[in-house]
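One structure is given below, encoded as structure tokens.
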Amino acid sequence: MSRVFSGVKPTADVPHLGNYIGAFRHWVSLQEQHECFFCVVDLHSLTVPWDPKTLSLRSRQTAASLIASGIDPERSTLFLQSEVPEHTELSWFLTCIARMGELSRMTQFKDKSRNDKGEAIGTGLYMYPVLMAADVLAYRADLVPVGDDQRQHLELMRNIADRFNRTFGETFPVPAPFIAEAGARIMSLDDPSRKMDKSSSRPNNLVWMNDKPDIVRKKISGAVTDSGTEIKRAEDKPAISNLLAIYSAVGGSSVEQLEQEYAGKGYGDFKSDLAEALVEFLDPFRARYEEILDDPAQLDKLLDGGADVAREAARETMKIVREAVGLRRPSR
Ligand code: AQP
């Protein structure tokens with residue numbers, strides 16, 4: 001049984017469809033056969049300006065979203081990152097072996113800091129891939145299921161784990177990324193050259209997991225399409241390829257089956273069927289999500305239990321790490 005770790009930032013009230021398709025749906029199936037730790041990585045959401053009034057509410061809402069998506073807290077350990085201080089402790093050890101050069105190459109940092117003047121960018125945005133490495137390594141996880149946007153961070157994490165092992169002795173498994181072939185990068189509905197993104201200021205870029213049916217229909221009918229009329233996955237058809245990926249993920253048919261089904265039909269038919277498939281898929285999510293939030297005491301109990309299990313596992317790792325780096329007093 002492999003150990004699996006992954007996380008989601010509570011940078012919005014609920015996740016978007018891309019989060020579900022690229023990550024959560026795989027978490028749900030992995031929990032059947034692996035020992036899984038799923039974490040609301042609230043400390044990562046501090047890398048961009050945040051509102052202290054909504055931070056903890058969003059963390060709980062995000063945890064509720066994971067349960068509503070199918071994460072079973074009886075089977076998987078579900079918890080909030082900030083409740084396990086070992087993440088930040090390990091992060092310091094890893095910061096000391098991470099290199100400026102490798103962090104400076106991270107494209108997410110370059111993208112997110114592009115529009116800011118240097119002095120306005122928090123150091124956290126630069127350093128967070130190291131905290132992400134600590135999140136995973138604190139559990140000595142073997143497998144990290146993520147969307148394609150995290151590929152580069154996973155590579156950095158592997159380098160850091162490998163460097164630590166070579167310097168201080170075999171301590172961490174070098175974690176393998178789990179990035180599915182289909183749906184690993186769901187693109188924006190209004191601009192298929194950009195990824196669907198929680199923090200975008202363009203509301204029609206995405207479908208929120210709790211969008212109501214009329215909003216879903218409106219967003220899908222307004223989604224940009226490509227020139228031509230064919231419903232086909234192709235490099236020069238990024239918008240339709242993206243909609244096909246979404247339809248396939250929520251509807252259960254393969255892209256090839258969908259291409260056959262819509263051969264000779266127009267974008268109008270395709271979009272309206274996709275919207276209905278999405279409505280049908282999101283309805284039970286929304287109901288379950290609201291039900292979970294209606295019982296905050298039960299949600300807290302689940303998160304408390306998850307944090308207890310996570311702390312115990314992370315403490316075990318920290319004992320080994322402290323010893324390996326030479327921090328243990330000889331007399332103790
Ligand atoms: N568009 C996407 N397609 C497929 N997978 C995606 N993920 C994110 N966007 C897409 C995957 O969802 C998991 C949780 O993501 P996150 O909350 O940690 O944030 P992120 O990857 O930085 O992207 P977001 O959700 O759009 O948030 P913001 O705007 O706050 O940066 C991850 O496994 C991610 O790969």
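The values are calculated or read from the model by the stated rules, or taken from the named source; none is laboratory data. Keep in mind that this is a model prediction, so the values were computed, not measured. Here the Cβ is made from the backbone with ideal geometry for all residues, glycine too, and neighbour counts use every protein chain on show. We work out accessible area using only protein heavy atoms, side chains counted, and drop any ligands, DNA or RNA first. Shrake-Rupley method; radii C 1.70, N 1.55, O 1.52, S 1.80 Å.
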**OP:** With respect to Ala141, determine if the residue is in contact (Cβ under 8 Å) with a residue 24 or more places away in the chain, within 16 Å of the ligand (Cβ to nearest atom), under 17 Å from the mean Cα position of the chain (by Cα) and surrounded by fewer than 14 Cβ atoms within 10 Å (Cβ to Cβ).
**Re:** no
Original post:
What's the number of the condition Met1 fails, among (1) modelled with pLDDT of 95 or more; (2) more than 10 Å from the ligand (Cβ to nearest atom); (3) in contact with a strand residue (DSSP E or B) (Cβ under 6 Å, 6 or more places away or on another chain)?
Top reply: (1)
Original post:
Out of the range 217-236, which residues are outside any loop (DSSP other than H, G, I, E, B) and either open to solvent by 50 Å² or more (accessible area, probe 1.4 Å) or closer than 16 Å to Leu258 by Cα (or both)?
Top reply: Arg217, Lys218, Ser221
Original post:
So which residues in the range 198-213 are part of a loop (DSSP other than H, G, I, E, B), surrounded by fewer than 19 Cβ atoms within 10 Å (Cβ to Cβ) and at pLDDT below 95?
Top reply: Ser199, Ser200, Ser201, Arg202
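A quick yes/no check of all residues on (1) near the ligand (Cβ under 10 Å from one of its atoms); (2) more than 25 Å from Arg286 (Cα to Cα):
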| site | (1), (2) |
| --- | --- |
| His16 | yes, no |
| Ile21 | yes, no |
| Trp27 | yes, no |
| Phe38 | no, no |
| His44 | yes, yes |
| Thr47 | yes, yes |
| Trp50 | no, yes |
| Gln61 | no, no |
| Ala68 | no, no |
Original post:
Consider Phe38 against the criteria (1) outside any helix (DSSP H, G or I); (2) aromatic (Phe, Trp, Tyr); (3) without any contact (Cβ under 8 Å) to a residue 40 or more places away in the chain: it satisfies all of them except one. Which criterion is unmet?
Top reply: (3)
Original post:
What helices (runs of 4 or more DSSP H) completely inside the range 237-332 contain at least 1 residues that are small (Gly, Ala, Ser)?
Top reply: 238-251, 267-293, 296-325
Original post:
Taking Gly228 and the conditions (1) among the small types (Gly, Ala, Ser); (2) at positive phi; (3) modelled with pLDDT of 95 or more, which numbered condition does it fall short on, given that it satisfies the others?
Top reply: (3)
Subject >> Failed criterion for Pro192 (all others in (1) surrounded by 22 or more Cβ atoms within 10 Å (Cβ to Cβ); (2) part of a loop (DSSP other than H, G, I, E, B) hold) >> reply: (1)
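Listed here are the residues, each with its yes/no results for (1) within 11 Å of the ligand (Cβ to nearest atom); (2) in contact with a helix residue (DSSP H, G or I) (Cβ under 9 Å, 6 or more places away or on another chain); (3) open to solvent by 60 Å² or more (accessible area, probe 1.4 Å).
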{"site": "Leu156", "(1), (2), (3)": "no, yes, no"}
{"site": "Pro175", "(1), (2), (3)": "no, yes, no"}
{"site": "Phe178", "(1), (2), (3)": "yes, yes, yes"}
{"site": "Met196", "(1), (2), (3)": "yes, yes, no"}
**OP:** Just name the residue that is farthest from Ala68 (Cα to Cα) out of those in the range 9-51 that are more than 10 Å from the chain's Cα centre (by Cα) and of a type in the set (Ser, Thr, Tyr).
**Re:** Thr47
**OP:** State whether the residues of the range 82-102 include one that is modelled with pLDDT of 95 or more, within 19 Å of Gly147 (Cβ to Cβ) and either open to solvent by less than 10 Å² (accessible area, probe 1.4 Å) or away from the ligand (no atom under 13 Å from the Cβ) (or both).
**Re:** no
